[in-house]
Amino acid sequence: MLASRQPRSLGVSDATNRCRRTRTSVVVMAMVTNKRQFQLMVNSCTGKMGQAVAEAALRANIDLVPYTLCAPLDVENKNHVTVQGIKLELVPPSVRDTAITEIKARYPNLIMVDYTLPDAIHDMVDFYVRHNTPFVMGTTGGDRARILSEVEAAKTYAVIAPNMGKQIVAFQAIMDMMAKNFPGAFSGYKLRVVESHQSTKKDTSGTAKAVVQSFVEMGVKFDVSQIELVREPKDQVEVMKVPESALNGHAYHTYQLVSADGTVMFEFQHNVIGRTTYAEGTVDASFFLAQRIAERSEKTLYNMIDVLRAGAMR
Ligand SMILES: NC(=O)C1=CN([C@@H]2O[C@H](COP(=O)(O)OP(=O)(O)OC[C@H]3O[C@@H](n4cnc5c(N)ncnc54)[C@H](OP(=O)(O)O)[C@@H]3O)[C@@H](O)[C@H]2O)C=CC1
Ligand SMILES: O=C(O)C1=N[C@H](C(=O)O)C[C@H](O)C1
């Protein structure tokens with residue numbers, strides 16, 4: 001059973017009062033108010049990305065639902081997590097299917113955000129589809145083709161992408177365009193991909209896997225199992241030059257292409273410290289999805305390149 005607690009009020013009336021001061025701010029707030037026609041439930045807020053997205057949602061003045069789906073609870077008496085002083089009640093898998101009915105009744109324009117783990121991804125997707133709950137998913141891993149076809153077939157509104165950082169999404173889009181326009185451009189080239197993430201990361205970078213796909217379409221022979229993972233803090237600092245302060249949260253990616261005769265070399269690199277860029281992008285994706293739902297768009301499944309193309313990234 002869910003606690004009979006109302007969400008923290010981020011009420012339209014409060015916001016409107018704050019903005020009576022100037023004409024410009026009234027106009028701005030009218031836009032913001034229109035955008036806030038949905039409620040966001042950020043799952044796995046005990047985790048790093050869940051927490052970062054919930055904070056970004058509050059910064060964007062989104063109504064944050066005071067519940068969060070979590071992993072099976074192994075700590076007695078732990079029933080909530082706090083985000084910026086707001087308590088979110090933990091909803092473990094055992095009560096999830098019953099709780100969702102009540103949550104949806106209370107928050108009718110609900111969008112969920114998923115940053116769980118590769119191990120949980122299929123269960124989570126099944127859950128969103130089963131309850132026809134729109135969602136933004138940044139979780140990596142799993143069988144991506146299976147996930148996309150399941151969500152597409154169910155016509156559940158969703159944005160699914162392995163990277164939500166605006167400029168990285170733009171880089172992915174360019175690589176994708178290059179592959180479509182110049183297939184075979186890098187034929188015969190040797191590719192080396194090195195990625196470094198915090199040592200708790202379970203899987204190979206989903207972003208690297210997506211970018212590799214574009215290089216393969218450009219004629220490079222490469223399998224994602226060849227991606228080199230750096231997870232040892234010592235190597236991260238000494239070899240990858242990750243600042244010590246970022247050992248708990250960083251994503252460094254280098255893609256190096258060398259011609260067959262060794263005379264030409266290309267290198268692409270994106271190095272991110274922290275999680276703000278992904279969290280902000282996730283908020284953009286939730287605004288975008290709310291808009292598509294409001295206009296009853298025929299297309300229901302999106303990725304972050306769609307969000308970027310729509311001009312929906314701040
Ligand atoms: N698309 C993007 O831009 C980005 C994607 N990611 C991806 O997001 C995912 C999460 O990363 P990160 O936040 O760093 O990882 P964390 O390990 O910090 O968090 C994972 C969270 O998932 C929860 N969890 C585990 N199993 C379940 C379950 N069955 N149901 C609900 N919740 C569950 C964990 O709960 P508990 O703590 O109780 O175990 C924890 O809260 C990864 O796949 C990562 O690659 C990360 C950054 C950016
Ligand atoms: O786990 C992370 O941290 C990240 N995961 C995503 C991925 O696997 O590509 C995105 C980014 O690299 C951070």
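Candidates are the residues of region 183-211 that are surrounded by fewer than 15 Cβ atoms within 10 Å (Cβ to Cβ) and of a type in the set (S, T, N, Q); the one that is farthest from ligand 2 (Cβ to nearest atom) is Ser187. Does at least one position in region 49-69 carry a residue that is modelled with pLDDT of 95 or more, within 13 Å of ligand 1 (Cβ to nearest atom), in a loop (DSSP other than H, G, I, E, B) and not small (Gly, Ala, Ser)? For region 49-69, residues modelled with pLDDT of 95 or more, within 13 Å of ligand 1 (Cβ to nearest atom), in a loop (DSSP other than H, G, I, E, B) and not small (Gly, Ala, Ser): absent.
Only strands (runs of 3 or more DSSP E) whose full extent lies in region 77-171 are considered here, and the ones with at least 1 residues that are of a type outside the set (A, V, I, L, M, F, W, C) and more than 16 Å from ligand 2 (Cβ to nearest atom) are 80-83, 86-91.
Can you spot a residue in region 173-195 that is under 23 Å from Ile121 (Cα atoms), of a type outside the set (Asp, Glu) and part of a helix (DSSP H, G or I)? There is no residue in region 173-195 that is under 23 Å from Ile121 (Cα atoms), of a type outside the set (Asp, Glu) and part of a helix (DSSP H, G or I).
Scanning region 196-230 for residues that are more than 15 Å from ligand 1 (Cβ to nearest atom), assigned to a loop (DSSP other than H, G, I, E, B) and among the hydroxyl-bearing types (Ser, Thr, Tyr) yields no hits at all. One residue stands out among those in region 82-127 that are touching a Ser or Thr at 6+ places or on another chain (Cβ under 6 Å) and among the hydroxyl-bearing types (Ser, Thr, Tyr): the one that is surrounded by the fewest Cβ atoms within 10 Å (Cβ to Cβ), which is Thr116.
Residue-level check: of (1) assigned to a strand (DSSP E or B); (2) surrounded by 20 or more Cβ atoms within 10 Å (Cβ to Cβ); (3) in contact with a Phe, Trp or Tyr (Cβ under 6 Å, 6 or more places away or on another chain), Tyr252 misses just (3). Inclusion of Val230 among residues that are closer than 29 Å to Ala56 by Cβ, without any contact (Cβ under 8 Å) to a residue 60 or more places away in the chain and in contact with a strand residue (DSSP E or B) (Cβ under 8 Å, 6 or more places away or on another chain) is warranted. Note on region 253-271: residues that are within 21 Å of the chain's Cα centre (by Cα) and more than 20 Å from Gln213 (Cβ to Cβ) amount to 1. Taking each residue of region 148-167 that is farther than 17 Å from Asp123 by Cβ and surrounded by fewer than 20 Cβ atoms within 10 Å (Cβ to Cβ) and looking for partners that are among the β-branched types (Val, Ile, Thr) and at pLDDT 95 or above with beta-carbon atoms closer than 6 Å, six or more apart or interchain, yields Lys155/Thr300.
Summed over region 231-249, the residues that are of a type in the set (A, V, I, L, M, F, W, C), within 9 Å of Gln198 (Cβ to Cβ) and in a loop (DSSP other than H, G, I, E, B) give a count of 1. When residues in region 132-148 are screened for being over 21 Å from Val224 (Cα atoms) and more than 16 Å from ligand 1 (Cβ to nearest atom), 2 of them pass.
Tyr278 passes all but one of (1) more than 16 Å from ligand 1 (Cβ to nearest atom); (2) out of contact with any helix residue (DSSP H, G or I) (no Cβ under 6 Å at 6 or more places or on another chain); which number fails? In the conditions (1) more than 16 Å from ligand 1 (Cβ to nearest atom); (2) out of contact with any helix residue (DSSP H, G or I) (no Cβ under 6 Å at 6 or more places or on another chain), Tyr278 misses (1) alone.
The values are calculated or read from the model by the stated rules, or taken from the named source; none is laboratory data. These numbers come from a predicted model, not from an experiment. Note: ideal-geometry Cβ built from the backbone for every residue, glycine included; neighbour counts use all protein chains shown.
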